[in-house]
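To keep things clear, I will list the structure first and then write my remarks on it.
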Amino acid sequence: MQPLVKLFVNRYPETISERNEKAFYMDTATDLDRTNAVVTVSDDLAPVQEMVRACIQCGTCTASCPNEFAMDHTPRQLWRMVLMGQKEEIFQSKTFALCSACYYCTLRCPRGLPLTEAMDALKQIAAREEISKYKDSVQFYKNFLKSIRRHGRVNEMEFMTLYFAALKNPLAPLRFASLGLRLMLKGKVSLLPPFTRKRPLESIFRKVEELEERL
């Protein structure tokens with residue numbers, strides 16, 4: 001009669017994703033053992049490496065992430081890539097862009113690492129270096145904030161006009177034409193800009209800019 005543990009293992013074999021995870025870990029772990037150090041390739045990636053330097057590759061972040069199913073690399077794999085200094089592979093990945101900042105990984109990390117902040121730092125690097133893969137998203141958020149700063153709330157028509165102009169693609173608005181028409185017919189989008197000269201949130205935006213300059 002087979003031992004209970006052996007029966008349990010045979011009954012529940014590894015999934016393909018589990019085997020891929022294990023293979024990825026073994027490859028990168030071997031590379032780290034070979035160098036016995038964190039590989040630093042650029043100054044901008046160094047702060048992120050410092051955030052996850054104590055990562056033990058337990059996979060709790062991956063198990064906690066609600067968006068992991070849509071990522072091309074799991075969060076655990078991403079942190080290993082950060083430690084290995086694989087900048088090109090990191091910013092070709094969509095993992096950090098799919099982070100919704102739910103903080104589950106940060107709350108559950110056994111080492112208490114600021115993983116959500118690390119994800120945010122990668123987003124900031126992508127925006128600052130204007131990586132082509134994320135240019136559309138960066139323009140979306142920039143113009144969204146411009147509209148809020150000007151009016152105190154987002155003006156949908158102005159916001160989308162600025163966004164499509166920044167994309168410099170005359171065909172881009174056509175993808176959203178039917179949606180825009182339905183919203184206008186239901187009175188959800190106004191064709192006229194709000195008539196206000198005050199900028200109610202200007203002081204908040206200026207304070208944030210001052211704090212960012214100190215960092």
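For region 57-117, the square roots a ≥ b ≥ c of the C-alpha gyration tensor eigenvalues yield an a/c of 1.5 or more together with a/b not exceeding b/c, which makes the shape oblate.
Tell me, what is the FRET efficiency for E117 and R199 to the nearest 0.05, using R0 = 30 angstrom and their Cβ-Cβ distance as r?
Numbers: r = 30 Å, r/R0 = 0.99.
FRET efficiency, E117 to R199: 0.50.
Taking loop as defined by DSSP and a crowding limit of 14 other beta carbons within 10 Å, which chymotrypsin sites (Phe, Trp or Tyr not before Pro) in region 60-167 fit? Show your work: numbers first, answer last.
On the way: sites: F69, W79, F91, F96, Y103, Y104, Y134, F140, Y141, F144, F159, Y163, F164; in loops: Y103.
Listed in order of number, the matching sites are Y103.
In terms of distances greater than 29 angstrom between alpha carbons, the cross-link table entries K146/K186; K123/K188; K123/K168; K94/K146 yield K123/K188. Using a basic spin-label model with each label point 7 Å from the Cα along Cα→Cβ, how many nm lie between K168 and L192? It works out to 3.5 nm between the two label points. Rg over Rh for region 133-214 works out to 1.03, using Cα positions for both radii and the Kirkwood form for Rh.
Starting from 0.36 nm per residue, how many nanometres of slack lie between C58 and V154 once their C-alpha separation is accounted for? Don't skip to the answer; put the middle values down first.
Values: separation 96, 0.36 × 96 = 34.56 nm, distance 4.18 nm.
Gain on extension, C58 to V154, equals 30.4 nm.
In what sequence, highest mean first, do 125-132, 185-192, 45-52 appear when ranked by Cβ atoms within 10 angstrom?
By packing density, highest mean first, the sequence is 45-52, 125-132, 185-192.
Residue by residue, region 154-160 carries 3J(HN,Hα) couplings of 7, 9, 4, 5, 5, 4, 5 Hz when phi is fed to the Karplus relation 6.51 cos²θ - 1.76 cosθ + 1.60 (θ = phi - 60°); x denotes Gly or Pro.
Quick note: the coordinates plus some simple rules give every number you see, no bench work behind them. Treat the numbers as computed from the prediction; the structure is a model and nothing was measured. Here the Cβ is made from the backbone with ideal geometry for all residues, glycine too, and neighbour counts use every protein chain on show.
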